[in-house]
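Working notes, structure below.
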Amino acid sequence: MAKDGDVPVGGGSQSPDTLIADDSFLSGANAAYLEAEYARYAANPASVSKEWRVFFEKMGEGGAPKAPSWERRDWPPAANGELVSALDGNWAVSEPALKARIEARAPGASEAEVRRETQHSIRALMLIRAYRIRGHLIADLDPLHQTEKSLHPELDPASYGFTDEDWDRPIFIDNVLGLETATLREIIDILRRTYCGTFAVEFMHISDPEQKAWIQQRIEGPDKEISFTNEGKQAILKKLIEAEGFENFLQKKYTGTKRFGLDGGESMVPALEQIIKRGGALGVQEIVIGMPHRGRLNVLAAVMG
């Protein structure tokens, strides 16, 4: 059992992990005693011995690592107020900032011109946000084009006050789509390729603005659309057919047997295969897969087999 003074005091700074690894008295048997000592230290550092004060100081903010060892120095990015408010639809925050930047870009512009350009910017951001929320409703999910699609009112530029004369007008959007300025035509093209193609993305339900910004920065932009070569598409289709065929085989061969099939989730098979291939290319040496029983047989046969 630890007693007062049983704290080794060494020179040099040590991380908390090193302290815990080197000091055998930090065990579960001494938990109550350690908690009591730390409570005394937290209330009044002078109430504990010098050895304990040194130990607790090293375990505190001064000796704690600032971040996990795997953290990137360039992430998370600095918070962008305009970006976050554009994601959340807080136009009261966006408008003054946009107006100030537009004035800085055109110092000789009149008040009316600045107001008009600010309105165009706000309308463009509202349209962009609408595509982020509703774009999947007009996604291209019918390869035979037998379903008649109609433009959702919230995705129609006219709903935001744009006219035919505005399609080629440069609009300041402050790098929201990876572009400082863009025409309405360019904005619509990027949004439809990102949110209305054969691969539709939904992320606006996420409550954390930084998480939403992380996704947005990786999928939006003139050169960030998801595209596959013909060979890649054929490889994905082959894996989907294998996964569905395996489920059909089990259904016919073992009718009535509880098998926890992957029906409806066959896309997990080519996704896992790509994750494994990409991981190998990046230097991954070992992969441990843990998953629920649904789809486990299919993964064993199509991915691990």
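The values are calculated or read from the model by the stated rules, or taken from the named source; none is laboratory data. These figures come from a predicted structure and were not determined experimentally. Neighbour counts are summed over all protein chains in view; Cβ atoms, including those assigned to glycine, are modelled from backbone coordinates with ideal geometry.
Here are a few things to note about the model shown:
- Residue count for segment 277-305 under the criterion of being surrounded by 13 or more Cβ atoms within 10 Å (Cβ to Cβ), out of contact with any helix residue (DSSP H, G or I) (no Cβ under 9 Å at 6 or more places or on another chain) and in contact (Cβ under 8 Å) with a residue 24 or more places away in the chain: the result is 2.
- Members of segment 193-241 found to be of a type in the set (Lys, Arg) and at pLDDT 90 or above, listed by number: 238, 239
- Pairing residues of segment 170-184 that are small (Gly, Ala, Ser) with residues that are in a strand (DSSP E or B), at Cβ distances under 9 Å and at least 6 apart in sequence or on separate chains, gives 182/170; 182/171; 182/172.
- Scope segment 117-173; condition over 28 Å from the mean Cα position of the chain (by Cα), surrounded by 15 or more Cβ atoms within 10 Å (Cβ to Cβ) and hydrophobic (A, V, I, L, M, F, W, C); matching residues: 162
- Helices (runs of 4 or more DSSP H) wholly inside segment 199-302 containing at least 2 residues that are over 30 Å from residue 130 (Cα atoms): 230-253, 268-281, 296-302
- Within segment 106-142, the set of residues being of a type in the set (Asp, Glu) and at pLDDT 90 or above is empty.
- Residues satisfying the stated conditions in segment 201-245, i.e. of a type in the set (A, V, I, L, M, F, W, C) and under 28 Å from residue 186 (Cα atoms): 201, 203, 204, 206, 213, 214, 215, 219, 226, 228
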